[in-house]
Amino acid sequence: MNKFLQITSFFLLLNSLLFSQEFFIKGLVQDKNSGKNLSFSSIRVLNSYIGTTSNKNGEYELKLPSGSYTLVASYIGYYSDTIKINLNENKNNLNFLLGQTEVEVPEIVVTPGINPAIEVIKNAIEKKKKRESYIKSYIYNAYTKGIIRTQDDFNTKSNSMSLDVGIDDTAKLKITGILENHSIGYIEKPDKQKEVIVARKQSSNFASSINTLTGGRLLQDFYEDKVNFLGRELLGPLAEKSYDYYYFLINEKIRQNDNTILEILMQPLDPSDPGFTGKIYIIDSTFDLVKLELQLNRAANTGGLFDSVFIFQQFEAFDDSIYMPIDFRLFTTLNVLSLAKIGLEINTILYDYQLNKDIDDKIFDKAILTVLPNADKKDSSYWANSISIPNTNEEVEAYERIDSLSNVPFSFWDEFSILSNKISINQKLSISAPLAMYHFNRVEGHTLDFGVFLDEALENRLESSFRTSYGFADKKTKFDFSGSYLFGDYRTYSVSLNAFKKLNTLFAVSDEYGEFTSTLLSLLSKYEFKNYFYSNGFDIRTEGEIFPVLKLGLGFNSRIYKSAKKNTDFAFFYKDRRYIENKPIYNTKINSASINFKLDFRDYIEDGQFRRRIGNQNCYAIFDGEITTSSKALLKSNLNFTRYELNGNFGLKSFNSAGITLYIKSIYTNGSLPYQYMYAIPGVINLASYDESFRTLSINEVFGTNVVTLNFEHNFRDEIFRFFNVPYLKSWDIQVAAFFNAAYSTINNSSENILPEVDVSELNHPFYEAGFNIGHILFPIKLDFAWRLNYRGKNNFVISLNTGIL
């Protein structure tokens, strides 16, 4: 009897496995008369949420469990083709043949003041409102394929990328990178969303962390009022009163089975206003949007960076004739100052919709995108049995070519570049490049530098570097070793160690100017704006995100400080000039302990390895602070002091693409703080400024132990010219921002008593300055105009170049 039960159970299990097996259907969608392949046609399983769309060659793939199905292929302008199948094996050549319907050029009755297309759009907007009232939540699956085209192959894992300089024909671009992923999207009205990447793969020249191009993050639903492109929210075709912004014209009436579909042309009423141009397709009887073929106009193409941006999207009916996106396709070519072209194609198909499904609140957290830990470990069998967009012959060839290039033995000279700061020895190890092997200042003189860097080791958990240098003027050898190890699924905890004997820049925390700038100005003009001091010791620190919005850290520092002096007056020119003397510091030993925190309320992406905050949110708030204490009794330090720091960083979208940023820094000190620990208000060097600097103060002019600074900026981009409808300027991509800075800075008595002989400027009551800058989106240089509002006497009005390249 037991044996009989075992045999019966075996056959029942075998039967269950056979009937639960899934099979593939592959084929073409073609024009019945001409044999032309129909790109991006829709293939649906009747009476279900399952479906897909064909690729640009008309090829499709569909995976289904064994059983009987009715498949329907449709395409606007054609009668649908229906095929019934009994699926118990893979079917490779199941082709659909669609017959073309008639196209009717509508007879437009012109009535003064009435555009018939406007009436259609008004009805479509009302239908959209009913759609929105029905949809409370939904879940969907998405498959996305991203394709990058350049002239030459490149490797994003290395320090260099070859671009197609001088190419003006995008047809000459070839596929040099492919990314694919499968994701699940969760949407709950009014504003909850979450994307989970369950599987991803990419050509071997891409790091997996780059592959977060999911349908949900890039997908734009043109049923929405606002559609986001290039950081600007554009009015959609069915936005409230879109007919006051766009011109609409009924171009054709197209039949699709029993429906008459209106092909409507659209473009902004004012060509200088950013928006879409192209065609939308609306069902004449129900006023549902079913398809669109649009481009960004020049005004929306900020800076003219793109030769073109083409968007294609289709919608299919689901519950109660609710139309949902079934695909989203983006085709664009980036044109960098007419020197380099990069083509980008995004193809997303959406399927398995679940409308008004109850979604667990735990799904929605600060991570709007999460890559599952095993997403990169899916093998070929997973992808062979997943719904996807079939690879074209060009894509198959590109995979093979890129993989073969990646297997070529790595050569040191492949990564050698005189303009780079590092040269890769292999994928993890690099050394200093020639550009980073030399610097000059009046303390060290001519200095040779060399560094060894270990990056992304041990599954991107270990980072380490060792730098050494020798100054021929001070005749000292320096070194700086640092290493950190990251813990946690998304590497949100760290332990770090830093040991050093080096030359430091005084007030480096508020000095944004690079070492290359300092070296160049010294050698060419003997203009030295930095001051230096020696230190040796070590730092240890541990940090971690104990909550998604809260990071805490602990640290201990032990340092011995010594003043540096000027040791050379060398320069290529101005031989008769002398460098200014290097400022002394307070020579001492400091042992200190610190505790720090960071509250960051921005959403983030969990990319499979790291947790990355999203920087371009409409509204954000970030707080961070630190308490540092030095104690003679407890820590065997030479000074007693406690330093408190609290900072706030805020952002708010004001109107259209314009935005406001506010940065507040506050420092308060008890006890004797040495000169080198004080905070200098960020000033500028001659004619060169940067964002969040005080344009009418010189670098290191004002420093203190008790400091408050405020930096306010309203970046209008080009919106101010559009708002006032300024001819020409509103279409030239001129960017304008207004700023206001305020500061307060004093030195407490205990710190003043140990201050070396240096010039002291305090701001005992608040200092104010205001101004604006103007620039162009394509160039990293702006022209700043700034006025002192009080403390007048010098630099009352300053014009400077604002650039981050210094």
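From the largest down, the stretch 447-563 spans 51, 27, 27 angstrom on the principal axes of its Cα atoms.
Residue by residue, the stretch 121-137 carries 3J(HN,Hα) couplings of 5, 4, 5, 5, 5, 5, 5, 4, 4, 5, 4, 5, 5, 7, 7, 9, 6 Hz when phi is fed to the Karplus relation 6.51 cos²θ - 1.76 cosθ + 1.60 (θ = phi - 60°); x denotes Gly or Pro. In this rough spin-label picture, where each label sits 7 Å from Cα along the Cβ direction, the F785-V758 distance is 3.5 nm. For the listed residue pairs K122/K226; K91/K378; K36/K127; K566/K782; K36/K377; K194/K782, the alpha carbons are over 27 angstrom apart in K36/K127; K566/K782; K36/K377; K194/K782. Working note: Debye formula, equal point scatterers on the alpha-carbon atoms of the chain, no solvent; log10 I(q)/I(0) at q = 0.04 Å⁻¹ is -0.23.
When each of the peptides 769-782, 579-592, 370-383, 322-335 is scored by the mean number of other C-beta atoms lying within 10 Å of its residues, the order from highest to lowest reads 322-335, 579-592, 769-782, 370-383. Solvent-accessible surface of the chain, taken per residue with a 1.4 Å probe and all protein chains present: 47 Å².
Think of each Lys and Arg Cβ as +1 and each Asp and Glu Cβ as -1; about the Cα centre, that makes the dipole of the chain roughly 2380 debye. Straight-line cross-link partners of K562 among the lysines, defined as a Cα under 22 Å from its Cα and at least 8 positions apart when in the same chain: K475, K476, K478, K501, K502, K530, K583, K589, K632, K636. Diffusion coefficient of the stretch 479-541 by Stokes-Einstein, Kirkwood radius over Cα pairs, 37 °C, 0.692 mPa s: 230 µm²/s. Scoring 490-500, 266-276 by mean Cβ neighbours within 10 Å over their residues and listing the highest first yields 266-276, 490-500. A cut-off of 5 Å between modelled amide H atoms, ignoring neighbours fewer than 5 places along the same chain, links L673 with S751. Rounded to whole numbers, the Karplus 3J(HN,Hα) couplings from phi for the stretch 558-569 are 9, 9, 10, 10, 8, 5, 10, 10, 5, 10, 8, 10 Hz, using 6.51 cos²θ - 1.76 cosθ + 1.60 with θ = phi - 60°, and x at Gly and Pro.
On C-alpha positions alone, give me the angle between the axis of helix 515-525 and the longest principal axis of the chain, in degrees, nearest 10. So the helix axis and the longest Cα principal axis differ by about 50 degrees. Between Y382 and L429, the simple label model (points 7 Å from Cα in the Cβ direction) yields a spacing of 3.2 nm. For K551, a cut-off of 15 angstrom between C-alpha atoms picks up these aspartates and glutamates, skipping any fewer than 8 places away in its own chain: E543, D600, D603, D624, E626. The phi torsions of the stretch 424-435, fed into the Karplus equation with coefficients 6.51, -1.76 and 1.60 and a -60° offset, translate into couplings of 7, 7, 8, 5, 10, 10, 9, 10, 5, 8, x, 4 Hz, rounded to whole numbers, with Gly and Pro shown as x.
Classify the stretch 546-635: rounded, prolate or oblate, from the alpha-carbon gyration tensor (a ≥ b ≥ c, eigenvalue square roots; a/c under 1.5 rounded; otherwise prolate if a/b is larger than b/c)? It is oblate, given that a/c is not under 1.5 and a/b is not larger than b/c. Estimated purely from DSSP H runs of n ≥ 4, each contributing -39500 (n - 2.57), the mean residue ellipticity at 222 nm for the chain is -3000 deg cm²/dmol once divided by its residues.
Remark on H776: its backbone amide H falls under 5 Å from those of Q735, I781, a criterion applied only to residues 5 or more positions apart or on other chains, H modelled at 1.01 Å from N.
Proximity of backbone amide H atoms, modeled 1.01 Å from N, is registered between L234 and V227, N228, F229 at under 5 Å, excluding neighbours fewer than 5 places apart on the same chain.
Peptides 227-238, 123-134, 752-763, ordered by how many other C-beta atoms sit within 10 Å of their residues on average, highest first, read 227-238, 123-134, 752-763. Each other residue within a Cβ distance under 11 Å of L462 adds +1 if Lys or Arg and -1 if Asp or Glu, for a net charge of -1. With viscosity 1.002 mPa s and temperature 20 °C, the Kirkwood radius over alpha carbon pairs of the stretch 274-373 converts through Stokes-Einstein to a diffusion coefficient of 129 µm²/s.
The values are calculated or read from the model by the stated rules, or taken from the named source; none is laboratory data. Note that the structure is a prediction, hence the values are computed from the model and not measured. Cβ atoms come from the backbone with ideal geometry, glycine included; neighbour counts cover every protein chain shown. Surface areas here come from the heavy atoms of the whole protein model, side chains and all, with no ligands, DNA or RNA. Shrake-Rupley method; radii C 1.70, N 1.55, O 1.52, S 1.80 Å.
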